[in-house]
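First the structure, in the form of structure tokens, and then the observations on it.
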Amino acid sequence: FFSIHAAMKEIVSLQIGGCGNAIGTAFWEAIGHEHGIAADGKYHGDHDSQLAYSDVYFNEATGGRYVPRNIVVDLDPGGIAAARASGLFKPDNLVGGAAGTGGNWAQGHYGSGAEMVDGVMEVVRKEVEGTDALQGFQLTHSLGGGTGAGMGTLLISKIREEYPDRIIMTFSVLSSQPPSPQPYNMTLSVHQLVENTDFAVVLDNNALDSLTGTTANGDRNALAARAMAGATVANRFADDYGLQTDLRRFATQMVPFPRVQFLAPTCAGAGVPGHAAQLPAPELTEQLFSGQNGLLRIDPRHGRYLTATALFQGPVVDADKSVALALASNSSYLTEWIPCGVHTIVCDAPAQGQATSATLLANTTAIQESFKRLDRQFNAMWQRRAFLSYYTYYGMDELEFDEALANMSDLVSEYQQYQDATADAEGEFYW
């Protein structure tokens, strides 16, 4: 599952659209703090480990500055202005348009987004050329909008076409109580993610609002960024065995079957209101598997864990033991025919504002709850062909909607198939 970091393996990050840029910027602020890197790019840390693997996400520039290896994309010029004002990013990596999409997936995928995508790919190529051993790409976006969803999935397909042997991971956000036509956007986006990504960490605004107790964007973004930082901590720091996670091996471990590649995140301690700054391993583990701190609106007790990785930060003792005890008490939610499906990682580097914290990434069949909900929302509109003219104006055909909906239905069936599967005496599984 781990590889010794013999050669630096870089990740090129992209954030796209209003949601992607808000959460993405908060992510860079959070990991900058963990690495001791201030907004001006200067190192102000106090431990060598903070810079040991910083090159995975940061470029070291002249004058001892560390700059995010990140590309900011937004068709709305206001999003680019906000990114520029943050001072975090290289100006050449800010790629903007003249006007937003009005939440129209087709405009982002086939209209103004398509007109701008070649310029974005030029910036991507420049970043890739500056790497020594590129391991893959990370893209942060919304699934419900026009730029993040429509143009974002177009950009993913272009990256897949040009770099077919590199890992593509996303942090993808579902909208809360989507106003029409967002169910179309989200279904079309999931269709694209299935085809062109290696794995996607899925969050939704309803769960974020529930955990923060508010609909304030700042609180929502901070919690999402906290989950992203926790999910990537083992890429950025060595674990307590001195080893570092590799994206490809992580994808291989977490995605046991093609297409079943959507991961549900859970946070413990860090950023979760009402929890103390320092918690021991048993309490952190209890939060991870309680079903109460998930950043996706599903109940893991309604499914089974295919695979999972628990990532602990800070001076956490006996995390392996705590996870093993939790799994023993939740054995009915595990798949016995996938050996060693749950892994534990401990990194000493604490999360921002927390002495100890943890993040769980779970490939659980319960995620079909989100897809079923989306399927119902899509069908409620599709029966009336509501808002269809918004999409056909940019050249979309009804067949694209039918294909996306069929792919969603197939995905739900596949998750249910693996949930119902059992193992026989010889260890062979069947359903």
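The values are calculated or read from the model by the stated rules, or taken from the named source; none is laboratory data. These numbers were taken from a predicted model, which means no experiment stands behind them. When we count neighbours, we look across all protein chains shown, and the Cβ atoms used for this are built from the backbone with ideal geometry, even at glycine. In case anyone asks, the SASA skips ligands and DNA or RNA and just uses the protein heavy atoms, side chains included. Shrake-Rupley method; radii C 1.70, N 1.55, O 1.52, S 1.80 Å.
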(Q) Restricting to the range 236-253, name every residue that is touching a strand residue (DSSP E or B) at 6+ places or on another chain (Cβ under 9 Å), surrounded by fewer than 21 Cβ atoms within 10 Å (Cβ to Cβ) and assigned to a helix (DSSP H, G or I). (A) Arg248, Arg249, Ala251, Gln253
Q.
When you check Val346 against the structure, is it open to solvent by less than 30 Å² (accessible area, probe 1.4 Å), under 21 Å from Ala229 (Cα atoms) and part of a strand (DSSP E or B), yes or no?
A. yes
Q | Residue that is nearest to Ile37 (Cα to Cα), among those in the range 348-366 that are modelled with pLDDT of 95 or more and not polar (S, T, N, Q) | A | Ala358
Q) Name the residues in the range 349-368 that are over 17 Å from the mean Cα position of the chain (by Cα) and part of a strand (DSSP E or B), would you? A) Ser357
**Q.** Residue identified as modelled with pLDDT under 95, surrounded by fewer than 21 Cβ atoms within 10 Å (Cβ to Cβ) and not acidic (Asp, Glu) among Ala114, Ala82
**A.** Ala82
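The rows are residues; the columns are (1) touching a residue at least 12 places away in the same chain (Cβ under 8 Å); (2) open to solvent by 20 Å² or more (accessible area, probe 1.4 Å); (3) closer than 25 Å to Glu29 by Cβ.
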| site | (1), (2), (3) |
| --- | --- |
| Gly108 | yes, no, no |
| Met121 | yes, no, no |
| Thr147 | yes, no, yes |
| Gly152 | yes, no, yes |
| Arg160 | yes, yes, no |
| Thr170 | yes, no, yes |
| Ser175 | yes, yes, yes |
| Val190 | yes, no, no |
Q. Pick from the range 322-343 the residues that are free of Cβ contacts under 8 Å to residues at least 12 places away in the same chain and not hydroxyl-bearing (Ser, Thr, Tyr): which of them is surrounded by the most Cβ atoms within 10 Å (Cβ to Cβ)?
A. Ala324
Q: Could you figure out which of (1) part of a helix (DSSP H, G or I); (2) within 19 Å of the chain's Cα centre (by Cα) isn't true of Leu284?
A: (2)
Q.
Let me confirm something: among Glu403, Glu369, which residue is open to solvent by 50 Å² or more (accessible area, probe 1.4 Å), under 24 Å from Gly144 (Cβ atoms) and modelled with pLDDT of 95 or more?
A. Glu403
Q: Please find, within the range 254-276, the residue that is farthest from Gly213 (Cα to Cα) out of those that are at pLDDT below 95 and open to solvent by 50 Å² or more (accessible area, probe 1.4 Å).
A: Pro258
